[in-house]
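One structure is given here, and the rest of the page talks about it.
The values are calculated or read from the model by the stated rules, or taken from the named source; none is laboratory data. Please read all numbers here as calculations on a predicted model, not as lab measurements. Reconstructed Cβ throughout: ideal geometry from the backbone, glycine too, with neighbour counts over all protein chains shown.
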Amino acid sequence: MPTCSTLLPPLSLYIHLPWCVRKCPYCDFNSHEAKSSLPEELYVRALLTELTSYLPMLNERPVVSIFFGGGTPSLFSPASIKQILKGVAERLTLTPDCEITLEANPGASDQERFEGFREAGVNRLSIGIQSLHNHHLKTLGRIHDRDYAIQAIEYAKQAGFSNFNLDIMFGLPQQTLDEALQDIDAALAFTPSHFSWYQLTIEPNTLFHHQPPALPPDDALWEMQLAGQSRIAAHGLHQYEVSAYARENTECVHNRNYWEFGDYLGIGAGAHSKLSAFLDDQFIVQRFAQIKHPRDYLDVNRRRVPEKMMIDGKSLVFEFMLNALRLTSGVSTALFIERTGLSLEQLYPQLALAKQRGLLLDDAAVVCPSELGKRFLNDLIELFL
């Protein structure tokens, strides 16, 4: 059991900018189409006000990463991003090598904008390409085409971003194996430091859920996944998470902190937080969720520091494993104890069953999915419910 002398987990900051040009049919994020000009000034003030309200809980803990997510954060002006980061730096201590990522979409980016983001303090971009085939981009409802995507990548590099991620999907409606591999080759020709390659899934409350497209069959998806992983490795990137690949020393600090059950503070409409603390010498983990709609968030009479929700032992086990088992090399059993405050004995029945079924490696010091476990990851995670 951790004591008061135990270090708390690393702390990240997530900043939600919820507007986009058009809602994609597969998207279940808290994003809203921008019908007119964005209320940037009001929203920036609201973000910093919310951040200030959390300060008593943070006890001057250093922040290892900042992530602007959305929506489409690149719709915000560089001046607004600079103002946010200035306000954050005035309120929080940032580590000297703090990773600061901003999500950008090709349809809402240009070189001047990227240069402005870099000058504002952003040191990493994540560019949502999704595909480099125009017919798939049209099906996905993206506002850009292949030429816009390629131009956005070139703008990012010309603006001085050597650390950038490209997002590509596979398992798209009517997609062939050759098309999936062509997307990988075309994207990785730009030598991104990080690559997110993930399968399209149909989520509730999306247009694709109500009007399902024809997706490739399961055996074709598995063939696509294996061939794609091999192709990405051939480009010199190693897989360290289910859908994340990186060159040496460029793994995403922010997302890795999620997967290792670190702490994060989320500010903005609909943002979620997970914060650990010591209460009367007892290690606790709390969650918060902000009001969801940006219209309500901007209403000063409704915005608030959300009530704390304590996570109980059973939920802690599941939430830790839900994140940690996504890492291809797993996590140490010591990290489970440190990040949950629970004893390892509480895991023994599930670990034994998972190993018996061949879903985990038989290693007492590490919880790591086997090759079978990686293929049937959802079945493995469900053992910890």
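Applying the criterion of being assigned to a loop (DSSP other than H, G, I, E, B) and of a type in the set (D, E, K, R) to the residues of the range 132-176, the residue that is nearest to GLU99 (Cα to Cα) is ARG142. For the range 186-201, check the following and say yes or no: at least one residue is assigned to a loop (DSSP other than H, G, I, E, B), in contact with a Pro (Cβ under 7 Å, 6 or more places away or on another chain) and not hydroxyl-bearing (Ser, Thr, Tyr). No, there is no match, as no residue in the range 186-201 is assigned to a loop (DSSP other than H, G, I, E, B), in contact with a Pro (Cβ under 7 Å, 6 or more places away or on another chain) and not hydroxyl-bearing (Ser, Thr, Tyr). For the range 121-132, check the following and say yes or no: at least one residue is surrounded by fewer than 22 Cβ atoms within 10 Å (Cβ to Cβ) and among the charged types (D, E, K, R). So far as the range 121-132 goes, no, none of its residues is surrounded by fewer than 22 Cβ atoms within 10 Å (Cβ to Cβ) and among the charged types (D, E, K, R). Kindly provide the set of residues from the range 340-364 that are at pLDDT below 95, in contact with a helix residue (DSSP H, G or I) (Cβ under 7 Å, 6 or more places away or on another chain) and closer than 19 Å to TYR240 by Cβ, ordered by number. Of everything in the range 340-364, nothing turns out to be at pLDDT below 95, in contact with a helix residue (DSSP H, G or I) (Cβ under 7 Å, 6 or more places away or on another chain) and closer than 19 Å to TYR240 by Cβ.
Which one of LEU8, LEU51, LEU55 is assigned to a helix (DSSP H, G or I), over 19 Å from the mean Cα position of the chain (by Cα) and surrounded by fewer than 20 Cβ atoms within 10 Å (Cβ to Cβ)?
Only one candidate passes the filter, namely LEU55.
Against the test of being under 26 Å from PRO106 (Cβ atoms), free of Cβ contacts under 8 Å to residues at least 12 places away in the same chain and not in a helix (DSSP H, G or I), the options SER65, SER37 yield a single qualifying residue, SER37.
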